[in-house]
1. I need the full set of residues from the stretch 160-188 which are open to solvent by 50 Å² or more (accessible area, probe 1.4 Å) and within 22 Å of Arg82 (Cβ to Cβ), in order please.
2. Please count how many residues of the stretch 177-194 are polar (S, T, N, Q) and within 18 Å of Ile254 (Cα to Cα).
3. Quickly run through the stretch 509-537 and pick out the residues that are open to solvent by less than 30 Å² (accessible area, probe 1.4 Å), among the β-branched types (Val, Ile, Thr) and without any contact (Cβ under 8 Å) to a residue 60 or more places away in the chain.
4. Starting from the stretch 261-278, keep only residues that are open to solvent by less than 60 Å² (accessible area, probe 1.4 Å), then list their pairs with residues that are in a loop (DSSP other than H, G, I, E, B) and among the basic types (Lys, Arg) whose Cβ atoms are within a distance under 8 Å, requiring at least 6 positions of separation or different chains.
5. Take the residues in the stretch 23-40 that are modelled with pLDDT of 95 or more and either within 25 Å of Ile301 (Cβ to Cβ) or among the aliphatic types (A, V, I, L, M) (or both); name whichever of them is farthest from the chain's Cα centre (by Cα).
6. Based on what the data block shows, is Gly293 out of contact with any Ser or Thr (no Cβ under 9 Å at 6 or more places or on another chain) and within 21 Å of Leu355 (Cβ to Cβ)?
7. Can you go through Thr282, Thr232 and tell me which one is surrounded by fewer than 19 Cβ atoms within 10 Å (Cβ to Cβ), closer than 21 Å to Ala122 by Cβ and touching a residue at least 12 places away in the same chain (Cβ under 8 Å)?
8. How many residues are open to solvent by 10 Å² or more (accessible area, probe 1.4 Å) and either part of a strand (DSSP E or B) or not hydrophobic (A, V, I, L, M, F, W, C) (or both) when one looks only at the stretch 189-203?
Amino acid sequence: MRNTFTLIFTIGLTTSIFAQNVVTYAGKASDDYENKYESASNLNPLESYFSSPEGICLDPSGNVYISEKNKIRLVTDKVHIRAGSPQRPSFSEGYKNGSGIQTTFRNPCGMVSDANGNIFIADVDNHCIRKIEKYVNLGNGQVVSTFAGAMPTPGLPGYGTSGSVDGVSTAARFNKPTDIAIDKYGNFYVTDYDNMTIRKISSTGRVTTLAGQALTEGFSDGTSGTSARFGTPWGVAIYNDNSIVVSDPWNTNIRKINIYSGETSTLAGPTTMADPIQVDGTLTDARFKSPKGITVVDGIIYVADQNTIRAIDEKNNTVTTFAGDVNKFEIIDGSGKSAAFTELSGLTTDNQGNLYATENSLLVASHVIRKITINNLAPLANFKASKTNALVNETITFEDISSGQEPTSRNWSFKPTTFNITNGDINSEKMSVTFSEAGFYEVSLQIANDFGTNTKTTKDYIAVSTTGNVERYNYSNLISVYPNPAQNYVTVQIDPSIAQEKPLVKLFNSNGVLIQKVNDYQFIDVSNMSPGVYFLTVECNSIHTAKKISIGYK
C-alpha cells in the first residue's frame, strides 16, 4: 500500500534578513581622484580608475551606468566613457548637450533607466535632469539633452540655473537634485537636495513639488506633502505601487512618501533630532549615521549608510546591518560583516538578487564599485528521512537540511507519539527513531537563529506497517474521496482526464494489508468494515496517488 504525500508548511515569525557576498566589481582603489582618472575607453573594469563615482543604474539589457566627476561611464565587459568630457575632472565640468564625449556635466549623481533604456541623470550643480539616449552599440554616440530644469545660461561658463519652480520640462527649476527614481507608469521622483523637497515629474514632463517646502529645513512628517519637512533628502527609490522611500542624511532617517498625496511618515530612524550613529533594532529604535543611496529588493529596503549597508524590513519591524563593518573604512571583499567599505554613495539593484554600490571617500583609498550578492540568512526549515516506509520498530534516521544561517535551536516532533529515539535527541541535527505502532506519522521540525524562526510540518510523511509494503504516493488534487469520515459507503471522484485511463483502485488497512480491489469506485460499501484508518490508492499510467480515509467513526 502507498499513502498520500502531503506537504503542509507552518511558517512562524521569520524576519527577512539577508547577508551578502561582497566583491569589487570595477575600479582600482585610489586616494587621488583628481589625477588618477581614465580618459580612455575599452578598459578592463578592475584596471580602470574612477573619479569620485556617485550614481549607478542598470538599463533593461543589464548594462551598468556609473556617474562620476563630470562624466558617465558604461560597463559591459569593458569600461567605456559614453558622455561627458574625458579631461581632468577639475577641467571637465560644464553644461553642454550633444553627443557622447562632446557633452559636459557638473557633478552628475543619481541615475535611473526607463523601460526603453534611456538614462536620466540628476546633474547636481547644473540643477537639472539630463537624458542620455539608449545605448545601441559602441560606434553609435548617445545623445544627451535636458529633460527637466533650466537649459544652460548663455556665455561662459554657461551653467544651469537653480530655483524652485514647478512647470513643464525646462520651465521647471531645481536646486541641486541628487537622485532620481521611476515608477511603472513612467513618473519620476527626484530628491531636490538644497530645496529640501521631493519633486515629481510626470511621464509628460510636468514637474510638481510632491513633499516638503522649498528652502524650509525641518524634521516633521505630514498628512499632506506641503506639511512635511526634510533636512537634506538624498536618495530615492520606488517602494511599492503607492509609495517611495527617501534617505534624509541631515535628519538621519528614512522617510516614506505617498506618491499621490505626498503624505510623509518616518519609516525608520528617529522622529526627533538624534546623534548620527549606526544602531540596529526596531524601526523606531534603529539609528543611521549618513544614509544616502537607497534601493528596494523583494520588499526589503537597502540603504548605503556611510561605510555599511543597512536592511530595513518594515513587515517584521527590523533594521539590521546587512553588509560591512562599522569600525572599518577599507575595501575588503567578503561576506556579511567580514566585508568592509569606505564611503558609500549610490546604491542600486539589477533585480537578479544583486546590489551595486559606489564608493568615493576622500580620506582613504577608494573610488571603486562593489557588487553584493544577496543570500538568505533567515532560517527555512527542511528535513529528509533515510526512508519513508518501514516496518514496525525499524530504525529511520532524520536529518535537518534547513537553509539559512546556522540554527541556535532545533526541535523535532512526531504524531502519533508512539516512537522511541535510538540515537541523538529531539534537538539533534541527526536523530534515529523507531515507531512502535503501525500508522502514518506526521513529522515536524522547528528551527531558529538570530534572524527568525521557521517550522516545516509534513503530514503522513512516514508510513509504518507490519508488512513493510507501505509506500508513499504523490499527492494529487485530481482525486477526491467523500464522505470522509465514512460509515456506510465511500465515493471516489476522479478527474475526467484520469478516469479515461481506467485506473486501478485498491483499499488497504493501516497495516498495509490489501482489503479489496475496487471495481465500482463510485460506490464502495464499507458498512461491514471495522472502525479505523484506511487508505485508498489510485493507479494508472499518468498518476499514482493515495487518500487516507476514516471508516466507522461518527
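1. none
2. Within the stretch 177-194, residues that are polar (S, T, N, Q) and within 18 Å of Ile254 (Cα to Cα) number 2.
3. Of everything in the stretch 509-537, those that are open to solvent by less than 30 Å² (accessible area, probe 1.4 Å), among the β-branched types (Val, Ile, Thr) and without any contact (Cβ under 8 Å) to a residue 60 or more places away in the chain turn out to be Val518, Ile524, Val526.
4. Gln278/Lys289
5. That would be Ala29.
6. no
7. Thr232
8. Restricting attention to the stretch 189-203, the residues satisfying the condition of being open to solvent by 10 Å² or more (accessible area, probe 1.4 Å) are 193-194, 196, 200, 202-203.
Add one more test, that the residue is either part of a strand (DSSP E or B) or not hydrophobic (A, V, I, L, M, F, W, C) (or both), and what stays is 193-194, 200, 202-203.
Selection size over the stretch 189-203: 5.
The values are calculated or read from the model by the stated rules, or taken from the named source; none is laboratory data. Just so it is clear, the structure is predicted and the values come from calculations on it, not from any experiment. We place every Cβ from the backbone using ideal geometry, glycine too, and count neighbours over all the protein chains shown. For accessibility, only protein heavy atoms count, side chains too; no ligands or nucleic acids. Shrake-Rupley method; radii C 1.70, N 1.55, O 1.52, S 1.80 Å.
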